[in-house]
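S.K.: The structure follows.
The values are calculated or read from the model by the stated rules, or taken from the named source; none is laboratory data. What you see is a predicted model, and the numbers here were worked out from it, not measured in a lab. We place every Cβ from the backbone using ideal geometry, glycine too, and count neighbours over all the protein chains shown.
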């Protein structure tokens, strides 16, 4: 979450999860955290690098990404021999927008669909549809 603003950690804590996070930590310097799962809405501009790093350090993850991500050459090459599970929302997800650390109002107008890509999570099913 380097230099980012997010309400996700607080929300996950409210759901009862133990959450470790820091807006001053660079995930690319992290090593595997045993017994932990990375849950993130990653910056889409660096998704390739994030997936590569998490796979390199063998870190289980649940990553929110554009649905088209799973059709890319890099994703295929990276995970073609791996078990990937998907959580697919019924509708488009909307994202909070922050300017100078402050949340700003915006219209609900996300132009793309997203899904949760899961690796080494061992969900009950490989594809889960959610509301």
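S.K.: Considering only residues that are touching a residue at least 24 places away in the same chain (Cβ under 8 Å), assigned to a helix (DSSP H, G or I) and within 12 Å of the chain's Cα centre (by Cα), which ones fall in segment 49-66?
M.R.: 51, 54
S.K.: Applying the selection to segment 12-31, what residues are surrounded by 12 or more Cβ atoms within 10 Å (Cβ to Cβ) and in contact (Cβ under 8 Å) with a residue 24 or more places away in the chain?
M.R.: Correct list: 12, 25, 27, 28, 30.
S.K.: Filter segment 27-38 for residues that are at pLDDT 80 or above and touching a strand residue (DSSP E or B) at 6+ places or on another chain (Cβ under 9 Å) and give the result. So that I can check it myself, show each step before the final result.
M.R.: So in segment 27-38, the residues at pLDDT 80 or above come out as 28-38.
Result: 30, 37, 38.
S.K.: Would you check if there is a residue in segment 42-57 being surrounded by 13 or more Cβ atoms within 10 Å (Cβ to Cβ), at pLDDT below 90 and in contact with a strand residue (DSSP E or B) (Cβ under 9 Å, 6 or more places away or on another chain)?
M.R.: Within segment 42-57 (the criterion being surrounded by 13 or more Cβ atoms within 10 Å (Cβ to Cβ), at pLDDT below 90 and in contact with a strand residue (DSSP E or B) (Cβ under 9 Å, 6 or more places away or on another chain)), the answer is yes, since at least one residue qualifies.
S.K.: Only residues that are outside any helix (DSSP H, G or I) and in contact with a strand residue (DSSP E or B) (Cβ under 8 Å, 6 or more places away or on another chain): list them for segment 79-88, please.
M.R.: The answer is 82, 83, 84, 85, 86, 87, 88.
S.K.: Identify the single condition in (1) at pLDDT below 95; (2) loosely packed, with under 13 Cβ neighbours inside 10 Å; (3) outside any loop (DSSP other than H, G, I, E, B); (4) in contact with a helix residue (DSSP H, G or I) (Cβ under 9 Å, 6 or more places away or on another chain) that residue 76 does not satisfy, given that it satisfies every other one.
M.R.: Result: residue 76 passes all but (1).
S.K.: Does residue 91 meet the test of being assigned to a loop (DSSP other than H, G, I, E, B), closer than 26 Å to residue 129 by Cβ and out of contact with any strand residue (DSSP E or B) (no Cβ under 6 Å at 6 or more places or on another chain)?
M.R.: Spelling it out, residue 91 is indeed assigned to a loop (DSSP other than H, G, I, E, B), closer than 26 Å to residue 129 by Cβ and out of contact with any strand residue (DSSP E or B) (no Cβ under 6 Å at 6 or more places or on another chain).
S.K.: Find the residue count for segment 6-20, including only residues that are assigned to a loop (DSSP other than H, G, I, E, B), within 16 Å of residue 38 (Cβ to Cβ) and at pLDDT below 80.
M.R.: 2
S.K.: With the condition kept exactly as written, say whether any residue in segment 95-112 is outside any strand (DSSP E or B), at pLDDT 95 or above and over 15 Å from the mean Cα position of the chain (by Cα).
M.R.: From segment 95-112, those outside any strand (DSSP E or B) are 95-96, 100-101, 105-112; that's our starting set.
With the extra rule that they be at pLDDT 95 or above, the set shrinks to none.
No, the conditions are met nowhere in segment 95-112.
S.K.: Something else: Determine, yes or no, whether residue 24 is assigned to a loop (DSSP other than H, G, I, E, B) and either more than 22 Å from residue 121 (Cβ to Cβ) or out of contact with any strand residue (DSSP E or B) (no Cβ under 7 Å at 6 or more places or on another chain) (or both).
M.R.: In short, yes.
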